[in-house]
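Pasting in a structure now, in structure tokens, and then I'll have a few things to ask.
The values are calculated or read from the model by the stated rules, or taken from the named source; none is laboratory data. Please read these numbers as outputs of a predicted model, since none were measured by experiment. All Cβ positions, even for glycine, are placed from backbone atoms using ideal geometry, and neighbour counts span all protein chains on display.
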Amino acid sequence: MSNDDNASVFLKDETWPELRLSELLSSDTLAGLHATIKSNWDFLRRSACQTAAGRALWKQVIHDPLAELFAGETFLRNIYEKIKKDRLNNAREISGVILAVRTLWFDSKLEAALSSHDGGGAQVVLLGAGMDARSHRLSCLKESSVFEVDFPEVLHAKATILEAAASSRDKHHHPIVTAKSLTRVAADLTEDDWLEKLETSGFEPNKSTVWILEGILYYLSQTNAMKVLKIIAEKCNLTKTVLLADFMNKQATALSSSTFLFYCDWPDELLPSLGFADVTLSQIGDPDAHFGLLQDPLNLFNKLRSLPRSIQTHPDDGTPCGRLYLLQASGSPNQMSS
Ligand SMILES: C[S@@+](CC[C@H](N)C(=O)[O-])C[C@H]1O[C@@H](n2cnc3c(N)ncnc32)[C@H](O)[C@@H]1O
């Protein structure tokens, strides 16, 4: 049975795994840390744990044993209750499915990008890495130096959780780095020095690089998001570069305009204008972005895909057409000079 078949079987299944929290989460260290996150962190930083909770609860398709520890009890319970309600109501989309598809899309494109690099071993930079555990769960990174960039508090909390997991008796949660190396770079992407900090941490500007911008661009202002994209585009002049990023359209950011800032309705036109080549755009539910999780033709994502992208509101009910675009692009010195 293929992975996609597996996915559709568990979606039809009557049961969803019960939420069983690891004992580690109630240890003094982790309970205390997650209490601090809940009370002291702003929504930007907390989004790291929220994303991890989604991954932990979609464990039938994402193998990420650390996600539960990164998420903490509150986020896990919140999303679990939503999933339960959706299943009870026979909802066409189960909460968190968009996150599951997005994660699997980035995993598959990263793996393909690394296997296509001559000799492998491209460096991988995760901007706004949050509680991403790819360095611990993807064997395709075994030749790659990985750099995780995020706010200092987020990276510090992540390191604390990993230390607690490493010293626990619970082998299921023991973190093993599958990447060649992992370097955390504490930096703010809205400041001008993040690239310098990345370079002083060992990032090599002339070495092939895959950039992962997952769940980050729309938290930045238009100006800052464009600055980040231009910095990455400039790297195409130096070396083989692959960019993997998700973009919200304007209608998606309008759903929560205090949270989401940067939007782009036509990222497949924006990226070539910055110098990227081989730009491909996928929407959630497209053949390379459903993983057997979006079979119902009438679910929100499939309905959106059937409408031209220029349409701003659903013709049936006038609701905004909020879209998440998954973009892959690349660049290299040869292509820039031709
Ligand atoms: C929704 S989370 C996504 C995390 C991760 N990419 C993932 O998919 O699990 C967004 C992350 O971006 C980080 N972030 C937001 N604004 C940032 C900034 N200005 N500088 C560095 N990190 C930032 C947050 O701290 C958070 O970890």
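Quick check: is even one residue across the range 219-240 within 22 Å of Glu68 (Cβ to Cβ) and either within 20 Å of the chain's Cα centre (by Cα) or within 16 Å of the ligand (Cβ to nearest atom) (or both)?
Scanning the range 219-240, I find no residue that is within 22 Å of Glu68 (Cβ to Cβ) and either within 20 Å of the chain's Cα centre (by Cα) or within 16 Å of the ligand (Cβ to nearest atom) (or both), so the answer is no.
Where in the range 25-115 are there helices (runs of 4 or more DSSP H), lying fully within it, with 1 or more residues that are more than 30 Å from Val242 (Cα to Cα), away from the ligand (no atom under 15 Å from the Cβ) and modelled with pLDDT of 95 or more?
Those helices (runs of 4 or more DSSP H) span 28-40, 73-88.
Pick from Ala52, Ala56: which is crowded, with 19+ Cβ neighbours inside 10 Å and free of Cβ contacts under 8 Å to residues at least 60 places away in the same chain?
Ala56
Condition check: surrounded by 14 or more Cβ atoms within 10 Å (Cβ to Cβ) and in a loop (DSSP other than H, G, I, E, B). Does Asp296 satisfy that?
It is true that Asp296 is surrounded by 14 or more Cβ atoms within 10 Å (Cβ to Cβ) and in a loop (DSSP other than H, G, I, E, B).
Here's a follow-up. From Ala186, Ala133, Ala157, which residue is within 12 Å of the ligand (Cβ to nearest atom), over 18 Å from Ala113 (Cβ atoms), touching a Pro at 6+ places or on another chain (Cβ under 6 Å) and outside the structural domain of His63 (by TED's automatic domain parsing)?
Ala186
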